[in-house]
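The values are calculated or read from the model by the stated rules, or taken from the named source; none is laboratory data. For clarity, every value in this text was computed on a predicted model and none was experimentally measured. Don't worry about glycine lacking a Cβ; one is built from the backbone with ideal geometry, like all the others, and counts go over all protein chains shown.
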Amino acid sequence: MKFSKQAWTAIEPIYKSIIEHPFNQELAKGTLATETFQFYMKQDSLYLVDFARALAIAASKAGNADDLVLLLDFSKGAIIAERGLHEFYFDFYGIKLDVDRAPGCFTYTNFLISTATHKSYEEALAALLPCFWIYREVGMHIHSNAAPDNPYQKWIDMYSGEEFQQIVQNAIDLTDRVAKGANSQQLQQMQDAFVTSTRLEWIFWDSAYRMEQWSNSKVNN
């Protein structure tokens, strides 16, 4: 069985929770509060910079030139293509990036960079894969269920589009190729990283829906 097949089976309950999360339910209906979506777009802009960094770190560990170039292309694409989407909505709403990473974003990006830096190449790829794959599946699901004249249609079109689908398939194929040479311990570590990132995907959406802030409470020494 391919690694991707086995890994997806492991996260199916988490993916179901992502699809059923009020953020994605309301986004599909077009009823998601504007300020919630704006909060999400700001956090996603911050996330993508660190996601691109993690991809570049993983690329430095690639075992051959083809994989290195592919990962660097992913890193560049994360900045160029998705930043274009962010700029559209920033201009549309008249907002700017004026926030720091919320706890959910901070936790996720630190996990990705730490894994890419300190863990194996195999684990790094597995940790990075859910961001591609989950977004494709969510985008396609919402596209199939979206209300007409949805105010978030440009977001939906981005993640359900053919170009993004091909990028995701390339990421899945790369991870499966690398997994072929992994031993049983490495495969378990890859699956653990894949599951953790998927959980953090849920946390990211939940954080955005709650417009999560850092606690200002002081700790008594």
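Might you check whether a residue that is farther than 18 Å from E201 by Cβ, touching a helix residue (DSSP H, G or I) at 6+ places or on another chain (Cβ under 9 Å), among the basic types (K, R) and surrounded by 15 or more Cβ atoms within 10 Å (Cβ to Cβ) occurs anywhere in the range 76-88? The answer is yes, given that some residue of the range 76-88 is farther than 18 Å from E201 by Cβ, touching a helix residue (DSSP H, G or I) at 6+ places or on another chain (Cβ under 9 Å), among the basic types (K, R) and surrounded by 15 or more Cβ atoms within 10 Å (Cβ to Cβ).
In the range 78-98, how many are hydroxyl-bearing (S, T, Y) and closer than 16 Å to M158 by Cβ?
Narrowing the range 78-98 to residues hydroxyl-bearing (S, T, Y): 89, 93.
Checking which are closer than 16 Å to M158 by Cβ leaves us with 89.
Of the residues in the range 78-98, 1 are hydroxyl-bearing (S, T, Y) and closer than 16 Å to M158 by Cβ.
Taking first residues from the range 75-91 that are closer than 18 Å to Q38 by Cα and partners that are at pLDDT 90 or above, the Cβ contacts under 6 Å between residues at least 6 apart in sequence or on separate chains come to E82/L48; L85/M158; H86/M41; H86/S45; Y89/M41.
Here D91 does not qualify as in contact with a helix residue (DSSP H, G or I) (Cβ under 9 Å, 6 or more places away or on another chain), surrounded by fewer than 17 Cβ atoms within 10 Å (Cβ to Cβ) and closer than 24 Å to N24 by Cα.
Taking the range 136-221 as the region of interest, the helices (runs of 4 or more DSSP H) fully inside it that hold 2 or more residues being among the β-branched types (V, I, T) are 162-180, 184-209. For the range 22-31, the criterion of being of a type outside the set (D, E), in contact with a Ser or Thr (Cβ under 8 Å, 6 or more places away or on another chain) and either at negative phi or surrounded by 17 or more Cβ atoms within 10 Å (Cβ to Cβ) (or both) is satisfied by at least one residue.
For the subset of the range 57-73 comprising residues that are of a type in the set (A, V, I, L, M) and touching a Phe, Trp or Tyr at 6+ places or on another chain (Cβ under 9 Å), which member is farthest from F23 (Cα to Cα)? Spell out how you get there, then give the answer.
Within the range 57-73, the first condition is being of a type in the set (A, V, I, L, M), and the residues that meet it are 57-59, 62, 65, 68-72.
Next, from what is left, pick out any that are touching a Phe, Trp or Tyr at 6+ places or on another chain (Cβ under 9 Å): 58-59, 62.
On the way: A58: 31, A59: 33, A62: 36 Å.
Here the answer is A62.
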